[in-house]
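Q: Here you go, one structure.
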Amino acid sequence: QVQLVESGGGLVQAGGSLRLSCAASGSIFSRNVMEWYRQAPGKQRELVAFITTGGSTNYAASVKGRFTISRDNRKNTVYLQMDSLRPEDTAVYYCAAPGSLGRSWGQGTQVTVSS
């Protein structure tokens, strides 16, 4: 299992930017696919982006072209750069790592985008 700690959330105006970080421990980070999810009030948790061990990335259609996922294996950290933020991006953002024993989750970080 992987332990995950997110940081970097906050309040930002529409059109602004935030960078989320997720520090991982307890596993060989470089061998993990890493994911970012989000959950808005009253909605299901949704996958925002993921990055493979080789650095390939994939994004939800709603964030493609605005968000960028990256990883630094030396720091055991995955990032989510969020640009051109919209009020509909408001949610709790979670870092996750799928594994053979199930998916590990961080505690989440709140992102609020004001109009």
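Q: So with the 1.4 Å probe, I'd like the accessible area per residue for the chain, rounded to whole Å².
A: It amounts to 52 Å² per residue over the chain.
Q: Apply the Karplus parameterisation 6.51 cos²θ - 1.76 cosθ + 1.60, with θ equal to phi minus 60°, to every residue of the range 71-88 and state each ³J(HN,Hα) to the nearest whole Hz, in sequence, with x for glycine and proline.
A: Running phi through 6.51 cos²θ - 1.76 cosθ + 1.60 with θ = phi - 60° gives 9, 10, 5, 5, 9, 6, 9, 10, 10, 9, 8, 10, 10, 6, 5, 10, x, 6 Hz.
Q: For the chain, which whole-number percentage of the solvent-accessible area (1.4 Å probe, protein heavy atoms only) is attributable to carbon and sulfur atoms?
A: Summing carbon and sulfur atoms, their accessible area is 47 percent of the total for the chain.
Q: Heavy atoms only, 1.4 Å probe, whole protein assembly: order Phe50, Phe67 by accessible area, highest first.
A: Phe50, Phe67
Q: At a 1.4 Å probe radius, which order do Val12, Val33, Val48 fall into by accessible area, largest first?
A: Ranked from most to least accessible, the order is Val33, Val12, Val48.
Q: With θ set to phi - 60°, apply the Karplus curve 6.51 cos²θ - 1.76 cosθ + 1.60 along the range 97-111 and write out the HN-Hα couplings as whole Hz, x wherever there is a Gly or Pro.
A: 9, x, x, 5, 9, x, 8, 8, 10, x, 7, x, 9, 7, 10
Q: Just reorder Asp72, Asp83, Asp89 by solvent-accessible area, largest first, 1.4 Å probe, all chains present.
A: The ordering from most to least exposed comes out as Asp83, Asp72, Asp89.
Q: As a test, work out the antiparallel percent of DSSP beta bridges whose residues both lie in the chain, rounded to the nearest 5.
A: Bridges in the chain are about 90 percent antiparallel.
Q: What do you get when you divide the Cα radius of gyration of the chain by 2.2 N^0.38 Å, with N the number of residues?
A: Expressed relative to 2.2 N^0.38 Å, the Cα Rg reads 1.00.
Q: If the viscosity is 1.002 mPa s and the temperature 20 °C, what translational diffusion coefficient in µm²/s does Stokes-Einstein give for the range 63-113 when Rh comes from Kirkwood over Cα pairs?
A: Translational diffusion coefficient: 170 µm²/s.
Q: Please report the accessible area of Trp105 (heavy atoms, 1.4 Å probe, ligands and nucleic acids excluded) in Å², nearest 10.
A: Solvent-accessible area, nearest 10 Å²: 100 Å².
Q: At a probe radius of 1.4 Å, what is the per-residue accessible area of Ser100, in Å² to the nearest 10?
A: 130
The values are calculated or read from the model by the stated rules, or taken from the named source; none is laboratory data. Keep in mind it's a predicted model, so treat the numbers as computed, not measured. Just the protein is used for accessible areas: all its heavy atoms, side chains included, with ligands, DNA and RNA removed. Shrake-Rupley method; radii C 1.70, N 1.55, O 1.52, S 1.80 Å.
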